[in-house]
1. Kindly indicate whether any position in segment 54-64 is surrounded by 14 or more Cβ atoms within 10 Å (Cβ to Cβ) and at pLDDT below 90.
2. Could you check ILE46 against (1) in contact (Cβ under 8 Å) with a residue 60 or more places away in the chain; (2) in a helix (DSSP H, G or I) and say which number it fails?
3. So for segment 13-24 (the condition being modelled with pLDDT of 95 or more and assigned to a strand (DSSP E or B)), does at least one residue qualify?
4. Here are the criteria: (1) closer than 25 Å to SER90 by Cα; (2) not basic (Lys, Arg); (3) not assigned by TED's automatic domain parsing to the domain that holds THR87. Tell me which single one VAL118 does not satisfy.
5. If we only count strands (runs of 3 or more DSSP E) wholly inside segment 137-213, which ones have 1 or more residues that are out of contact with any helix residue (DSSP H, G or I) (no Cβ under 7 Å at 6 or more places or on another chain), of a type outside the set (A, V, I, L, M, F, W, C) and over 23 Å from PHE127 (Cβ atoms)?
6. May I ask you to list the residues in segment 116-137 that are out of contact with any Lys or Arg (no Cβ under 7 Å at 6 or more places or on another chain), exposed (fewer than 15 other Cβ atoms within 10 Å of the Cβ) and not aromatic (Phe, Trp, Tyr)?
7. Within segment 90-108, which residues are surrounded by fewer than 16 Cβ atoms within 10 Å (Cβ to Cβ), at pLDDT 95 or above and assigned to a loop (DSSP other than H, G, I, E, B)?
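The values are calculated or read from the model by the stated rules, or taken from the named source; none is laboratory data. Given the structure is predicted, the values throughout are model-derived calculations rather than measurements. Quick reminder, even Gly has a Cβ in these numbers, built from the backbone with ideal geometry, and neighbours come from all protein chains shown.
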Amino acid sequence: MFVRNKMIANPFTISPDQTIPEAHEIMEKHGVKRLPVMKNGKLVGIVSKEDILRASPSKATAFSMGEITYLLSKTKISQIMSKNLITISSDALLEEAATLMRDNEISFLPVVDNNKLVGIITETNIFDAFIDLLGFREPGTRLTIEAVDEPGIMSNLTSIIGKFGVNITHVAVYRGASGKSAIVIGINSLNTEEIEKTIEEQGFKILYKLQNK
């Protein structure tokens, strides 16, 4: 799956010349935590709720509420935004986006094509894609099967299931360190007793079964 399939297109943005109260108003109104900062059609930074909190006076400050409001109204986004941007292309794989986020300990990536901001991708988008890829919410049965990690195993399993006239909707493989793998197979049927029996008769072990009706 590609970044373009899960990204948020046409995200809300802000100018570096706007102020903290303006950024806070946009975030609250639209329920977002981060805003790409755009100048003359070019991405120049990112501002987040965390940036705003860091720039706001402490609750222990001696400033009055009026003074705090005045200070914030004079603080431009360019003064608090993050400028060290890590971006990704809409044609990149979601795995690439997830790896970039994990390796750089960030939860958000601007999506840029040909120097133009086309969207954003967040941790939540990645989580949603992971759930979709595994078919976790779809009706049917998900079997987690322990198998020896060797050639022909997947072909054997799919052949067994295919004989019962059901469709395999999702497959995931989690390789272990002991030469065995946990294979998660999604099937578009709730009547899997005979399938399970045949799988185990062929030497496989069913570790877990989940059904969604």
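1. Looking through segment 54-64, at least one residue is surrounded by 14 or more Cβ atoms within 10 Å (Cβ to Cβ) and at pLDDT below 90.
2. Checking ILE46 against (1) in contact (Cβ under 8 Å) with a residue 60 or more places away in the chain; (2) in a helix (DSSP H, G or I), the one that fails is (2).
3. Checked against the condition, which is being modelled with pLDDT of 95 or more and assigned to a strand (DSSP E or B), segment 13-24 yields at least one hit.
4. All conditions are met except number (3).
5. On the way: elements: 140-148, 168-175, 180-187, 205-212.
Counting at least 1 such residues, we get 140-148, 180-187, 205-212.
6. Those that are out of contact with any Lys or Arg (no Cβ under 7 Å at 6 or more places or on another chain), exposed (fewer than 15 other Cβ atoms within 10 Å of the Cβ) and not aromatic (Phe, Trp, Tyr): LYS116, THR124, LEU133, ARG137.
7. Within segment 90-108, just ASP91 meets the criteria.
Residues checked against (1) within 15 Å of ILE145 (Cβ to Cβ); (2) in contact with a Lys or Arg (Cβ under 9 Å, 6 or more places away or on another chain); (3) in the same structural domain as LEU157 (by TED's automatic domain parsing); (4) not hydroxyl-bearing (Ser, Thr, Tyr):
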{"residue": "TYR174", "(1), (2), (3), (4)": "yes, no, yes, no"}
{"residue": "ALA177", "(1), (2), (3), (4)": "no, no, yes, yes"}
{"residue": "SER181", "(1), (2), (3), (4)": "yes, yes, yes, no"}
{"residue": "VAL184", "(1), (2), (3), (4)": "yes, yes, yes, yes"}
{"residue": "ILE187", "(1), (2), (3), (4)": "yes, yes, yes, yes"}
{"residue": "LEU190", "(1), (2), (3), (4)": "no, yes, yes, yes"}
{"residue": "LYS197", "(1), (2), (3), (4)": "yes, no, yes, yes"}
{"residue": "GLN202", "(1), (2), (3), (4)": "yes, no, yes, yes"}
{"residue": "LEU207", "(1), (2), (3), (4)": "yes, no, yes, yes"}
